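Throughout, read-outs are computed from the coordinates displayed, never taken from laboratory work. Keep in mind that this is a model prediction, so the values were computed, not measured. Glycine gets a Cβ as well: all are built from the backbone with ideal geometry, and neighbour counts include every protein chain shown.
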């Protein structure tokens, strides 16, 4: 798993207790959506 990859974002968000966003599993989102969500959570 590489830093900044889709899998990395999913893993990091799940570590923070987030498994769903707007009623959909994280795995269904594109990388850029996960990156933006991670930025919101990390800030």
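Some points to look at:
- Breaking point among (1) assigned to a helix (DSSP H, G or I); (2) surrounded by 12 or more Cβ atoms within 10 Å (Cβ to Cβ), for residue 39: (2)
- Pick from segment 15-27, criterion surrounded by 10 or more Cβ atoms within 10 Å (Cβ to Cβ) and assigned to a helix (DSSP H, G or I), ranking: farthest from the chain's Cα centre (by Cα): 27
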